[in-house]
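Heads up, the thing below is written out as structure tokens.
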Amino acid sequence: MAVETFTADQAWGVLRDASQHANTKLRSVAAALVAVRTGGPTPAEPLRTAPRDAVKLRHRCASTMPTATSPLRRSPGAYT
């Protein structure tokens, strides 16, 4: 999260997604990230890859979401 340009809510979502993907407590994911950033040991496989995968998923979802100028969004009166 320190490297990415996420808001606090987006960072929380990444931690939550990584926790669910690794099937481990969110505090364990957060502790592993802090340990790695401060020169600690590399965590085991699920904790090592789950945050990276969650960040990739966030970026992929953000790039496919419609924007205000996207043709997928219509003005409020377009359906009447």
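The values are calculated or read from the model by the stated rules, or taken from the named source; none is laboratory data. These numbers were taken from a predicted model, which means no experiment stands behind them. Ideal geometry is used to build each Cβ from the backbone, glycine not excepted, and the neighbour counts take in all protein chains shown. Please note that ligands, DNA and RNA were not included when accessible areas were found on the heavy atoms of the full protein model with its side chains. Shrake-Rupley method; radii C 1.70, N 1.55, O 1.52, S 1.80 Å.
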| task | Whenever you get a sec, line up 52, 60, 27, 16 from highest to lowest accessible area (probe 1.4 Å, protein heavy atoms). | result | 27, 60, 52, 16
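Less than 13 Å Cβ to Cβ from residue 45, Lys/Arg counted +1 and Asp/Glu -1: what total charge do the surrounding residues give?
Working: positive: 48, 52; negative: 53.
Around residue 45, the surrounding residues sum to +1.
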| message | So, taking all protein chains as they sit and a 1.4 Å probe, how much accessible area belongs to residue 19, in Å² rounded to tens? | response | 10
